[in-house]
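Presented below is the structure to which this report refers.
The values are calculated or read from the model by the stated rules, or taken from the named source; none is laboratory data. What you see is a predicted model; the values in this text were computed from it and never measured. Cβ placement follows ideal geometry from the backbone for every residue including glycine, while neighbour counts extend to all protein chains displayed.
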Amino acid sequence: MARVFITGSTDGLGLASARTLLDEGHEVLLHARSRERAASLAQLAPQAAGIVIGDLSSAAEIRDLAGQVNGHGRMDAVIHNAGVYVSPTRVATPEGHSLTLAVNVLAPYVLTALIERPGRLVYISSGMHLGANGNLRDIDWTERRWSASTAYSESKLCVSALSASVARHWPAVLSNSVDPGWVPTRMGGPGAPDDLVLGQDTQSWLAVSNDPGALVSGKYWHHRRQRTAAPEVTDPGFQDRLTDRLAELTGVALF
């Protein structure tokens, strides 16, 4: 039995993974953005190890969230599932960062640094990262004209590279990124063509399975198959430039 923390587990892929892992007998620590969102977990909560609350767009709440997770003891695995997709304009966080960057990249980065190191880390990416520009100069979109889809693609390139960087620096931790496909979640929309159950399967499997195929690190996955990520993802130079920039933006050093 494994102890797993899943960010963004009130709906969509995070909730599907939570249900799968609970049904398999694992301990799952759930996460909600707010107490109001946590109320939607009322039926699942009795089976869970607990619910932690924190808005991933707020630096202060991210730090507090890490403390809440650590208060439950060391996790065997963390699934960084929470994410945001498109907005018509650049939405700023309390610290002035792009909401897309804050939730999709800064939050998993800071939580990786502050949560007691687990044995496994899984980061939710997207096939859209393959179309991203690897230039990190304006990662926070303070200079460019806003493009929601480009910002999202770049954020998923960054989180995939973060996962590979963790695998390189922490060899005792299994760290992987997953493209779940375009699934019918609140973010993906009701017309998404992929299957929600299949979309959550790989990250759940990587988090707990002892199958030899799951006991690898630094890989990019889609439906339990290793895929070729963008070249930047596995480039140590890009990884180091990225983590240096994220440390600058957050004030938190990872390595």
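Values computed for the structure shown
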read-out	value
Matching residues in segment 130-161 - criterion: being free of Cβ contacts under 8 Å to residues at least 12 places away in the same chain, acidic (D, E) and within 24 Å of P236 (Cα to Cα)	D138
Failed item in (1) among the hydrophobic types (A, V, I, L, M, F, W, C); (2) crowded, with 18+ Cβ neighbours inside 10 Å; (3) under 23 Å from A113 (Cβ atoms), with L41 passing the rest	(3)
Single match in S125, S147, S98, S87 (criterion: in contact with a Leu (Cβ under 7 Å, 6 or more places away or on another chain) and either at pLDDT 95 or above or within 21 Å of S34 (Cβ to Cβ) (or both))	S87
Residue match in segment 85-100 (condition: under 17 Å from the mean Cα position of the chain (by Cα) and assigned to a loop (DSSP other than H, G, I, E, B))	yes
Yes/no for A49 being under 27 Å from S217 (Cβ atoms), touching a strand residue (DSSP E or B) at 6+ places or on another chain (Cβ under 9 Å) and among the aliphatic types (A, V, I, L, M)	yes
Enumeration of residues in segment 211-230 that are touching a helix residue (DSSP H, G or I) at 6+ places or on another chain (Cβ under 8 Å) and exposed (fewer than 15 other Cβ atoms within 10 Å of the Cβ)	D211
Whichever residue in segment 114-123 is outside any strand (DSSP E or B) and out of contact with any Phe, Trp or Tyr (no Cβ under 9 Å at 6 or more places or on another chain) and, among such residues, is nearest to R3 (Cα to Cα)	G119
Test: residue in segment 79-99 that is crowded, with 17+ Cβ neighbours inside 10 Å, free of Cβ contacts under 8 Å to residues at least 60 places away in the same chain and under 30 Å from V216 (Cβ atoms)	no
Conditions (1) over 18 Å from the mean Cα position of the chain (by Cα); (2) assigned to a loop (DSSP other than H, G, I, E, B); number of the one not met by E36	(2)
Residue satisfying condition, being part of a helix (DSSP H, G or I) and under 15 Å from H31 (Cα atoms), within set A82, A107	A107
Candidates A132, A107, A60 - the one that is at pLDDT 95 or above, in contact with an Asp or Glu (Cβ under 7 Å, 6 or more places away or on another chain) and more than 29 Å from D211 (Cα to Cα)	A132
Qualifying position, being of a type in the set (K, R) and closer than 20 Å to L249 by Cβ, among R137, R117	R137
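Here is a yes/no grid of residues against (1) charged (D, E, K, R); (2) modelled with pLDDT of 95 or more; (3) touching a Pro at 6+ places or on another chain (Cβ under 9 Å):
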site: S160; (1), (2), (3): no, yes, no
site: T185; (1), (2), (3): no, no, no
site: Q200; (1), (2), (3): no, no, yes
site: H223; (1), (2), (3): no, no, yes
site: T234; (1), (2), (3): no, yes, no
